[in-house]
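Heads up, the thing below is written out as structure tokens.
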Amino acid sequence: MKKTTRIIIPIVFIFFSLLYIILSFSIEQRKMIGDEMGWDPGSRAMPIGIGFLMLGVSIYLFFKEGRSGEEEITLDSASKKLIIITIMLSILYILFFRFVGFILSTNVLLFTLIYFYYKRDIKWNMMRNFSIGLLASTGTMILFYSIGRFVTHFLFLIGRRSNFEIFSGRLFMTGVTFLVLSFIFFTMLLLFRKAIKNENFRIPLLSGFITIGVTEFIYIIFKQIFWVSLAKGLIFW
Amino acid sequence: MEELISGFLQIFNVGTILWVALGEVLGIILGALPGLTATMGIALMVPISFQLSKATGIALLLGVYCGAVSGASIPAILLGIPGNPNAIATVYDGHAMTKKGLAGQALGGAVVASFIGGIASLIILVLFSPLIAKMTLAFGPAEKACLAMVGLTIIASVSTKNLAKGILTGLLGLSLSLLGTDPFSNALRIPFPDLLAKTPLTSGINLIPALIGLFGISQVLLDLERIKQGHIAPPQVKIDRVFPPLKKIARMWRVIIESTGIGTLIGAIPGTGASIAVFLSYERAKNITSSPKCKLEKVGSGCLEGVIAPEVANNAVTGGALIPALSLGIPGDAATAVLLGALLIKGVVPGYQLFSQEMSLVYAIFFALFLSNVFMLTFQLIGVRLFPKVLAVPMAILIPTILVLSLIGSYAIQGQAILSAIFDMGVALALGILGYFLKKGGYPIAPIVLGLILGGMFEENFRRAVKLAGGNYFVFFTKPIAILFIALAIFSVALPLLKKRK
């Protein structure tokens with residue numbers, strides 16, 4: 001790590017500590033409920049104490065790191081680009097998760113990362129193939145999701161309207177949906193196996209297949225087994 | 001007896017057995033992949049364990065823990081690359097055995113050693129943790145506050161070469177743990193309360209997203225730096241006889257006993273971790289085998305003895321690290337810190353209360369650890385030719401998958417309240433980025449987690465002690481146990497400094 005980067009961390013800590021101390025002083029000083037005598041140090045004592053300790057250690061480290069002569073390790077530009085795009089996309093993923101929904105946002109995040117990680121760099125001339133791959137992956141993902149929803153709904157309705165209540169059982173519905181989608185997934189993989197071996201299509205196809213598989217798997221685990229309310233967003237059905 | 005049976009039934013049912021098996025396989029795969037640690041594996045599985053019952057959830061995490069610890073020996077033996085720092089000592093003799101064409105025996109020996117270490121430390125855990133927990137009955141608020149301080153200082157001092165960096169990250173964890181609402185007075189302790197009073201920040205920082213961010217996302221970003229490697233070429237080694245000769249293992253009884261002792265003891269000392277234990281046991285085995293009277297092969301020459309010693313110690317740490325975690329609420333290493341976090345989220349309070357009120361859960365934890373070790377032995381022996389193939393999985397697939405799992409895992413904890421869940425994803429990402437830069441700067445991450453876990457315990461007991469003493473801040477120097485803990489804390493800080501001077 002560069003010397004300048006090493007010093008930046010203690011500087012950031014110094015600013016964080018100062019901000020922490022200032023904000024701690026603005027905390028309303030309330031005593032413990034039932035402390036008639038006022039012996040409790042109060043609600044802001046601990047934050048202030050820790051803030052000052054943190055400031056002291058940060059200042060010490062600032063001077064110590066400044067004197068240190070450790071060797072410099074730098075990152076190559078491709079790795080830097082990949083780290084930056086990962087962080088940026090993750091931030092966008094969180095910001096738009098609610099509006100775009102789990103399926104679409106996860107599809108975009110996963111496809112983009114897998115595609116560029118396979119390429120091990122980001123260049124403008126990659127964008128055409130990337131865009132086509134992303135569109136194809138998104139379309140297929142929506143199709144997969146819709147088939148999954150249809151199977152689940154179909155089983156649920158049969159279970160409700162007939163005497164076979166087992167059909168509307170959570171694990172049964174999930175299991176059947178998983179099996180149907182797995183069958184379609186592996187059939188498609190078989191159909192495209194020659195294209196995957198072709199150098200020109202290999203990375204977009206692999207990225208697409210992995211994206212669809214992982215997204216659908218996470219959806220089934222969290223949404224269908226554990227009933228986590230994954231945001232629907234644009235795919236409202 | 002009723003509690004024993006209840007604990008047994010909580011683990012030995014089809015559902016839980018399947019979850020433990022799944023955890024074990026995932027753990028072995030994660031442990032076998034260089035760069036992915038046991039701590040990261042547990043952190044990633046916490047959101048799933050959160051959806052399960054207490055015993056099943058903890059059993060799943062223990063499965064991942066045992067699997068990951070033992071799985072790290074696979075690349076260490078076959079490729080000479082340890083899956084994580086705990087397997088560094090296994091590289092020396094393990095990889096030398098592979099070069100001699102004895103890869104199967106080295107892998108099998110490592111698995112048997114891991115099983116012996118795991119089970120022996122489990123027995124010690126069963127015997128000692130209730131006793132230590134009983135001792136905590138003598139602890140008042142002053143002693144408990146000092147105990148939390150000991151946990152923090154020890155982990156800060158041993159987790160990095162630079163003590164100040166360890167202390168700083170520990171303080172950062174403490175400062176973050178205080179965010180939210182004051183538990184005693186309900187005063188809001190958040191920045192800009194007028195603006196943020198109605199945001200999820202008022203509940204403070206949720207432990208699971210913090211764990212996932214610090215151990216999962218930060219590791220993802222670090223691993224990105226070596227994405228150019230693509231993937232590690234799967235080893236082209238013929239694996240023949242897997243199960244090591246039992247007679248040979250029996251002859252190593254002294255190495256095994258001493259390695260178990262070292263592993264369990266080191267594991268039980270908060271903050272030390274398996275990487276110290278494996279080197280100590282390897283050196284000890286070297287001393288034993290270099291004696292002229294000893295009939296064993298000399299450790300260091302590429303022999304089974306050099307694999308058995310560190311692997312026994314490595315897995316003995318798992319039981320050892322759970323002793324302070326369950327009885328005192330102070331984790332033995334980073335992985336048990338995450339396990340402890342998962343327990344706390346489930347509403348389980350370690351210490352005497354756990355052993356007196358929820359003994360069936362304690363038994364369930366013991367049974368789960370036993371089952372995890374049995375599965376580890378079984379799966380590793382069956383899959384000894386299969387698991388090395390995971391090394392061929394490209395990083396380009398692994399890294400994004402772990403990233404998405406980390407984000408969705410953080411979301412899932414409060415999945416029914418979308419805004420809070422999205423806030424948790426943000427916390428995980430922010431702490432992940434912070435953890436990445438801190439790791440790059442040589443700052444340890446484990447003290448942040450300890451600070452987050454112990455911050456509440458420290459503040460609560462500190463304030464209670466001062467209040468009960470009539471506002472006397474010197475109350476901590478009037479109680480013998482508290483003085484002992486303060487001395488321990490000072491000793492743990494002073495020792496690295498004294499060593500440096502020498």
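Looking only at region A:27-50, filter to residues that are part of a helix (DSSP H, G or I) and at the interface with chain B (Cβ under 7 Å from one of its Cβ atoms); which one of those is farthest from residue B:182 (Cα to Cα)?
The residue in question is A:50.
If a residue must be open to solvent by less than 40 Å² (accessible area, probe 1.4 Å) and more than 11 Å from chain A (Cβ to nearest Cβ), how many such residues does region B:468-486 contain?
Summing the residues that are open to solvent by less than 40 Å² (accessible area, probe 1.4 Å) and more than 11 Å from chain A (Cβ to nearest Cβ) in region B:468-486 gives 4.
Tell me which of these residue A:73 doesn't satisfy, since it passes every other one: (1) more than 8 Å from every other protein chain (Cβ to nearest Cβ); (2) within 30 Å of the chain's Cα centre (by Cα); (3) modelled with pLDDT under 90; (4) outside any loop (DSSP other than H, G, I, E, B).
Residue A:73 satisfies all of (1) more than 8 Å from every other protein chain (Cβ to nearest Cβ); (2) within 30 Å of the chain's Cα centre (by Cα); (3) modelled with pLDDT under 90; (4) outside any loop (DSSP other than H, G, I, E, B) except (4).
Any residue at all in region B:452-467 that is over 27 Å from residue A:94 (Cα atoms), touching a Ser or Thr at 6+ places or on another chain (Cβ under 6 Å) and buried (at least 23 other Cβ atoms within 10 Å of the Cβ)?
yes
From the list A:208, A:233, A:175, exactly one residue is within 14 Å of chain B (Cβ to nearest Cβ), at pLDDT 90 or above and either at positive phi or surrounded by fewer than 16 Cβ atoms within 10 Å (Cβ to Cβ) (or both). Which is it?
Of A:208, A:233, A:175, the one residue that is within 14 Å of chain B (Cβ to nearest Cβ), at pLDDT 90 or above and either at positive phi or surrounded by fewer than 16 Cβ atoms within 10 Å (Cβ to Cβ) (or both) is A:175.
Can you pull out the residues in region A:190-205 that are open to solvent by 50 Å² or more (accessible area, probe 1.4 Å) and assigned to a helix (DSSP H, G or I)?
A:190, A:191, A:193, A:194, A:197, A:199, A:200, A:201, A:202
For residue B:420, only one of the following conditions fails: (1) touching a helix residue (DSSP H, G or I) at 6+ places or on another chain (Cβ under 7 Å); (2) surrounded by 20 or more Cβ atoms within 10 Å (Cβ to Cβ); (3) within 14 Å of another protein chain (Cβ to nearest Cβ); (4) in a helix (DSSP H, G or I). What is its number?
Checking residue B:420 against (1) touching a helix residue (DSSP H, G or I) at 6+ places or on another chain (Cβ under 7 Å); (2) surrounded by 20 or more Cβ atoms within 10 Å (Cβ to Cβ); (3) within 14 Å of another protein chain (Cβ to nearest Cβ); (4) in a helix (DSSP H, G or I), the one that fails is (2).
Count, please, the residues in region A:156-172 that happen to be assigned to a helix (DSSP H, G or I) and either modelled with pLDDT of 90 or more or open to solvent by 90 Å² or more (accessible area, probe 1.4 Å) (or both).
Residues in region A:156-172 being assigned to a helix (DSSP H, G or I) and either modelled with pLDDT of 90 or more or open to solvent by 90 Å² or more (accessible area, probe 1.4 Å) (or both): 6 in total.
Which residue out of A:133, A:101, A:66 is over 27 Å from the mean Cα position of the chain (by Cα) and either open to solvent by 80 Å² or more (accessible area, probe 1.4 Å) or not β-branched (Val, Ile, Thr) (or both)?
Matching residue, one of A:133, A:101, A:66: A:66.
For region B:124-220, give me every one of the helices (runs of 4 or more DSSP H) that falls completely inside it and has 2 or more residues that are more than 14 Å from every other protein chain (Cβ to nearest Cβ) and open to solvent by less than 40 Å² (accessible area, probe 1.4 Å).
Filter on region B:124-220 gives B:141-158, B:207-211.
Which condition number does residue B:490 fail, the rest of (1) of a type outside the set (Gly, Ala, Ser); (2) away from chain A (no Cβ under 14 Å); (3) surrounded by fewer than 21 Cβ atoms within 10 Å (Cβ to Cβ); (4) under 30 Å from residue A:95 (Cα atoms) being met?
Residue B:490 satisfies every listed condition except (4).
Looking only at region A:179-197, decide whether some residue is within 15 Å of residue A:223 (Cα to Cα) and more than 27 Å from the chain's Cα centre (by Cα).
no
Take the residues in region A:211-230 that are assigned to a loop (DSSP other than H, G, I, E, B) and open to solvent by less than 80 Å² (accessible area, probe 1.4 Å); name whichever of them is nearest to residue A:93 (Cα to Cα).
Looking at the filtered set, the residue picked out is A:230.
Within the group B:414, B:380, which residue is at pLDDT below 90, of a type outside the set (A, V, I, L, M, F, W, C) and either surrounded by fewer than 20 Cβ atoms within 10 Å (Cβ to Cβ) or within 23 Å of the chain's Cα centre (by Cα) (or both)?
The conditions single out B:380.
What's the number of the condition residue B:347 fails, among (1) modelled with pLDDT under 85; (2) open to solvent by less than 10 Å² (accessible area, probe 1.4 Å)?
So the condition that residue B:347 fails would be (2).
Quick one: would you say residue B:433 is β-branched (Val, Ile, Thr), assigned to a helix (DSSP H, G or I) and over 27 Å from residue B:339 (Cα atoms)?
no
Suppose we keep only residues that are touching a helix residue (DSSP H, G or I) at 6+ places or on another chain (Cβ under 6 Å) and within 18 Å of residue B:193 (Cα to Cα) within region A:10-26. Which one would you say is nearest to the other protein chains (Cβ to nearest Cβ)?
A:20
Can you find a residue in region B:81-91 that is modelled with pLDDT of 85 or more and either closer than 30 Å to residue B:415 by Cβ or over 15 Å from the mean Cα position of the chain (by Cα) (or both)?
Scanning region B:81-91, I find no residue that is modelled with pLDDT of 85 or more and either closer than 30 Å to residue B:415 by Cβ or over 15 Å from the mean Cα position of the chain (by Cα) (or both), so the answer is no.
Which is farther than 29 Å from residue B:63 by Cα and more than 19 Å from the chain's Cα centre (by Cα), of B:107, B:168?
Being farther than 29 Å from residue B:63 by Cα and more than 19 Å from the chain's Cα centre (by Cα) holds for just one of B:107, B:168, which is B:168.
Return yes or no: is residue A:89 more than 27 Å from residue B:152 (Cβ to Cβ), among the hydrophobic types (A, V, I, L, M, F, W, C), open to solvent by 20 Å² or more (accessible area, probe 1.4 Å) and within 31 Å of the chain's Cα centre (by Cα)?
yes
The values are calculated or read from the model by the stated rules, or taken from the named source; none is laboratory data. All figures in this text were calculated on a predicted structure; none of them were measured in a lab. In this analysis, Cβ positions are derived from the backbone assuming ideal geometry, glycine residues included, and neighbour counts consider all displayed protein chains. Side chains included, ligands, DNA and RNA excluded: accessible areas come from the protein's heavy atoms. Shrake-Rupley method; radii C 1.70, N 1.55, O 1.52, S 1.80 Å.
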